[in-house]
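Q: Here it is, the structure in full.
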Amino acid sequence: MLNEGTVAPNFTLNDKDGNAVSLSDFRGKKIVLYFYPRDNTPGCTRQACAFAANYDAFMSMDIVVIGISRDSTASHQRFAKKYNLPFTLLSDPELVCIKAYDVWQEKKLYGKISMGVVRSTYIIDESGVIIKAMPHIKPDTNAAEILEWLGK
């Protein structure tokens, strides 16, 4: 994980519609940047739906929500449509952003060790500095914890 107080690495990735989106596009706004392993898996679906359920609260605070995984833009498009996700999903199949944010790590599942995306969230301030780093978060409570931390 990157440390709080670090300037958030800029990136440009494609959204679900194939449009290039850069972190710098959102300068002047707070950003919730969350990394998740895979579309349409139980935990990732619950996490995305929790962000969708709380989306109005994020919008009322002028906060941008962005989810990033290795999935393709087509996968993101199906995922967003299936669950009516109103926020931006970005595709990082080359792991450029995922590695820059240090969330590509060794994982252990059923005794097997492999590399993968560790579910993590960053809150980035209006000037592009990480103000909160949340490693190994729980998908069901992540959105609510962020809102609580932000004082909503």
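The values are calculated or read from the model by the stated rules, or taken from the named source; none is laboratory data. Being a predicted model, the structure only gives us computed values, none of them experimental. Methodologically, a virtual Cβ is constructed for each residue, glycine included, from the backbone with ideal geometry; neighbour enumeration extends over all protein chains shown. All accessible areas refer to the heavy atoms of the entire protein, side chains included, with ligands and DNA or RNA removed. Shrake-Rupley method; radii C 1.70, N 1.55, O 1.52, S 1.80 Å.
Q: Which whole number in µm²/s is D for segment 1-136 by Stokes-Einstein, with the Kirkwood Rh taken over Cα pairs at 10 °C and 1.306 mPa s?
A: Rounded to a whole number, D works out at 106 µm²/s.
Q: Of ALA48, ASN19, THR121, which is farthest towards the positive pole of the chain's charge dipole, taken about the Cα centre with +1 and -1 on the beta-carbons of Lys, Arg and Asp, Glu respectively?
A: Comparing the listed Cα positions along the dipole, ALA48 ranks first.
Q: Let me ask you something else. Given N residues in segment 87-133, what is Rg(Cα) / (2.2 N^0.38 Å)?
A: 1.38
Q: Structure shown: which of LYS16/LYS107; LYS29/LYS108; LYS30/LYS81; LYS112/LYS138; LYS81/LYS138 lie over 31 Å apart, alpha-carbon to alpha-carbon?
A: LYS29/LYS108
Q: Per residue, what accessible area does segment 89-143 have, given a 1.4 Å probe and all protein chains present, in Å²? Provide the component values of the computation, followed by the final result.
A: Numbers: 2760 Å² over 55 residues.
Solvent-accessible surface per residue comes out at 50 Å².
Q: Could you tally the net charge around ASP71, taking each other residue with its Cβ under 11 Å from the Cβ of ASP71, Lys/Arg +1 and Asp/Glu -1?
A: Overall, the nearby charge balance is +2.
Q: What is the distance in Å between the Cα centroid of segment 120-152 and that of segment 10-85?
A: Centre-to-centre (Cα) distance: 14 Å.
Q: Please give the net charge around ASN10, taking every other residue with its beta carbon less than 12 angstrom from that of ASN10, where Lys and Arg add +1 and Asp and Glu add -1.
A: Result for the local shell: 0.
Q: Using just the helices of the chain, give the 222 nm mean residue ellipticity in deg cm²/dmol: DSSP H runs with n ≥ 4 each add -39,500 (n - 2.57), and the total is spread over all residues, rounded to 500.
A: -7500 deg cm²/dmol
Q: Kindly sort GLU4, GLU126 by accessible area of their heavy atoms, largest first, with the probe set to 1.4 Å.
A: GLU4, GLU126
Q: Looking only at the chain, where both bridge partners belong to it, what percent of the DSSP beta bridges are antiparallel (to the nearest 5)?
A: Working: 21 of 31 bridges.
Taking every DSSP beta bridge within the chain, about 70 percent pair in antiparallel fashion.
Q: Further question: Using a 1.4 angstrom probe on heavy atoms only, work out the carbon and sulfur share of the accessible area of the chain in %. Intermediate values should be presented prior to the final figure.
A: Details: 3740 of 7680 Å².
Carbon-and-sulfur percentage of accessible area, whole number: 49.
Q: Relative contact order, percent, of segment 83-151 when contacts are C-alpha pairs under 8 Å separated by at least 6 residues?
A: 17
Q: Report relative contact order for the chain in percent, whole number only (criteria: Cα-Cα under 8 Å, sequence separation at least 6). Before the final figure, lay out the partial values.
A: Numbers: 294 pairs, mean separation 50.8, N = 152.
Relative contact order, the chain: 33 percent.
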